[in-house]
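Here the structure is laid out as structure tokens; the discussion comes afterwards.
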Amino acid sequence: MSPRRRSRPTHTRRAVVTGLATGALALTGCLGDDDPDSPPATDPEDITPVESEYDLSVDHDDLESWERYDPDWTSPTASPLEADLETEVVIENLEIPWDLSFAPDGDLFLSERTGTILRYDSASLSDVARADVLDRADAVEPGSADGGWWAAGSEGGLLGIAVHPNYPDVPLVYAFYTYETDGEYYNRLVYYDVSADDPSETETAVIDGIEGNEIAHNGSRLAFGPENYLWVTTGDALYNDWEEDEDPISQDVRSLAGKVLRIEPDGSPAPGNPDLESEDGAGDPRIYSYGHRNPQGISWLPDGTPIITEHGPGARDEVMVLEPGDNHGWSTARDADTYPGTDFARPVVNIGPGASLAPSGCVFYTGDAVPEWRNRLLVGTLAGQRITAVTVYPADAEDDERPTADGGTRYDADWMHEEYHAVTHHAFEDELGRVRHVEQGPDGALYAITSNRDGRAGDGFPTDRDDVLVRITPAE
């Protein structure tokens, strides 16, 4: 497949707003001069829901009420490479876009790692708010081959965003970003009132003091799931090394690093989260699963099963399905030699050692705009510079129900997941560069954002138009 790139974007990036947020935040409340210089330690027994002028509560309907719910969904058997697709540039010259979130009214919010939240309403693009992110989140110039990763910054900065399900009645956009205070690095989950005259001044901390890192492994993807709980993926803050297994923070259930969190919009634990215990006492009740390295994508199968993507060590990138309380094994297990003989939850995909995909944002696509990709997990890959289509299928499927592996790779080893197997195919290879996230629009359209201005792109990227938001459509 060789998609064609259309010549003109719908919109181009506008200037960044002025007026950075400054200072640190308490666990709840807005930015202010009385806030401490460093985040307070959080005792799981003392988790305080954030207070707001808005009613943050949401309806937690039965799973059957989810618009994408389909308990009888089936995996396609044909190759996704049979699709003849092209991309249309919607916005160009973005500064390392990291995430995007569609509001119920159709507005689109995007985050740039350099610290800015943007709003796009199909008629205009505007800056909404800016977070005071760490100073290593810079972007290289469009079309520039100079600098490299260290000149451009790190993997931290403004990362995931998610719009409150009751928007615009509750005009809040949640965001997750990395910051530095007194030489230490942390991540915080906040929200902004995007209806305010200056939304940056309304920054309100929902969770603060999550261990972070100046360089890498901060996570983090945000998404409201099928039942309107807010899901947050967090990295292990690079505290652990593949060769070292001393006190791994991702195994500490009192720490929020290296975890998948499931919370109410006010930051309180979602009901039904597992009761986790550590040697030092009760685990944090906001944790849904643990033992993660650097998960940067989350979506849901049509029956409501959560599924994530995760960066591995020395390749070994993974796709995992989640169950409450599962331990996914980092930093002990990440390959065929280390999973067997353990109780760790097994991956659906583990690419093994070798060339890394570096999987990031993903969506389990259920739309009709690209029918050949329906009912597949679509993953943006960074090092791979492509979109990877993951076709998940039941491990006990009959031969004629199994997806073809022609042109792709099958994952069905006996040490991997017992219930799910998968086949992967790659599309748009080196057509878009580093793909950070893939998302489904409210109308079933398919979108992707690139990450070519982070100093790590190759093969002719970044171009003069990077970074871009594109719409993926069947070729005309």
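The values are calculated or read from the model by the stated rules, or taken from the named source; none is laboratory data. Keep in mind the model is a prediction, meaning the values are calculated, not measured. When we count neighbours, we look across all protein chains shown, and the Cβ atoms used for this are built from the backbone with ideal geometry, even at glycine. Ligands, DNA and RNA are stripped out before the accessible areas are found, and what is left, the full protein with its side chains, is counted by its heavy atoms. Shrake-Rupley method; radii C 1.70, N 1.55, O 1.52, S 1.80 Å.
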Explain nothing, just compute: Karplus ³J(HN,Hα) = 6.51 cos²θ - 1.76 cosθ + 1.60, θ = phi - 60°, for every residue of segment 129-143 in order, whole Hz, x for Gly and Pro.
8, 9, 9, 8, 7, 4, 7, 10, 9, 6, 10, 6, 6, x, x
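Below 8 Å, C-alpha to C-alpha, sequence gap of six or more: please give me the relative contact order for the chain in percent. Numbers along the way, then the final one.
On the way: 1361 pairs, mean separation 82.3, N = 476.
It comes to 17 percent, rounded to a whole number.
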Once both labels are modelled 7 Å past Cα along the beta-carbon direction, what's the Thr48-Ala196 spacing in nm?
1.8
For a test of the definition: using alpha carbon positions, the gyration tensor, and the 1.5 limit on a/c, classify segment 353-429 as rounded, prolate or oblate.
oblate
Hey, if you put +1 on the Cβ of every Lys and Arg and -1 on every Asp and Glu Cβ in segment 363-476, which of Gln440, Tyr365, His421 ends up farthest toward the positive end of that dipole?
Gln440
Under a point-charge model restricted to the Cβ atoms of Lys and Arg (+1) and Asp and Glu (-1), what is the dipole moment magnitude of the chain relative to its Cα centre, in debye to the nearest 20?
1900
Each residue of segment 416-428 in turn: what ³J(HN,Hα) in whole Hz from Karplus with 6.51, -1.76, 1.60 and θ = phi - 60°, glycine and Pro shown as x?
8, 4, 6, 9, 10, 10, 7, 10, 10, 10, 10, 9, 6
Per its Cα gyration tensor (rounded if a/c is under 1.5, else prolate when a/b beats b/c, else oblate), segment 37-118 is best filed as oblate
On a full-extension model of 0.36 nm per residue, what is the gain between Asp406 and Glu279, subtracting their alpha-carbon distance, rounded to one decimal in nm?
40.9 nm
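About its Cα centre, what dipole magnitude does segment 152-231 give when the only charges are +1 on Lys and Arg Cβ and -1 on Asp and Glu Cβ, stated in debye to the nearest 20?
Values: 2 positive and 14 negative charges, 78 e Å.
In debye, rounded to 20, segment 152-231 gives about 380.
Under 8 Å for C-alpha pairs, at least 6 residues apart: give me the relative contact order for segment 201-304, rounded to a whole percent.
Numbers: 207 pairs, mean separation 31.0, N = 104.
So the answer I get is 30 percent.
Per residue, how large is the accessible surface of segment 246-336? Use a 1.4 angstrom probe and give square angstrom.
Working: 2510 Å² over 91 residues.
For segment 246-336, the per-residue accessible area is 28 Å².
Assigning unit charges at the beta carbon (Lys, Arg +1; Asp, Glu -1) and nothing else, what dipole magnitude in debye, to the nearest 20, does segment 248-342 show about its Cα centre?
On the way: 7 positive and 16 negative charges, 48 e Å.
Once rounded to the nearest 20, the dipole reads 240 debye.
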Å² per residue, accessible surface of segment 353-446 at 1.4 Å:
37
Please identify which residues in segment 341-362 have an amide N closer than 14 Å to a label point set 7 Å out from the Cα of Asp414, following the Cα→Cβ vector.
341
Positive dipole terminus of segment 60-165, leading residue within Pro71, His164, Pro142 (C-beta point charges):
Pro142
In the chain, carbon and sulfur make up what percent of the accessible area (probe 1.4 Å)?
40
Orientation-averaged projected area, Cα convex hull of segment 109-209 (nm²)
7.7
Per residue, how much accessible surface does segment 39-128 expose to a 1.4 Å probe? Answer in Å², no decimals.
45
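Could you give the length gained on full extension between Ala78 and Ser122, defined as 0.36 nm per residue of separation minus the Cα-Cα distance, in nm?
Details: separation 44, 0.36 × 44 = 15.84 nm, distance 3.40 nm.
So the extension gain works out to 12.4 nm.
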Can you list the HN-Hα couplings for segment 351-361, worked out from phi with the Karplus curve (6.51, -1.76, 1.60; θ = phi - 60°), rounded to whole Hz and with x for Gly and Pro?
6, x, x, x, 6, 7, 7, 6, x, 10, x
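Using the eigenvalues of the Cα gyration tensor, what equivalent ellipsoid semi-axes result for the chain when each is taken as the square root of five times the eigenvalue, whole Å, largest first?
30, 27, 22
By its C-alpha gyration tensor, with a ≥ b ≥ c as the square roots of the eigenvalues, how is segment 374-476 shaped: rounded for a/c under 1.5, else prolate for a/b larger than b/c, else oblate? Don't jump to the answer; show the numbers that get you there.
Values: a/c = 2.58, a/b = 1.82, b/c = 1.42.
Here segment 374-476 falls in the prolate category.
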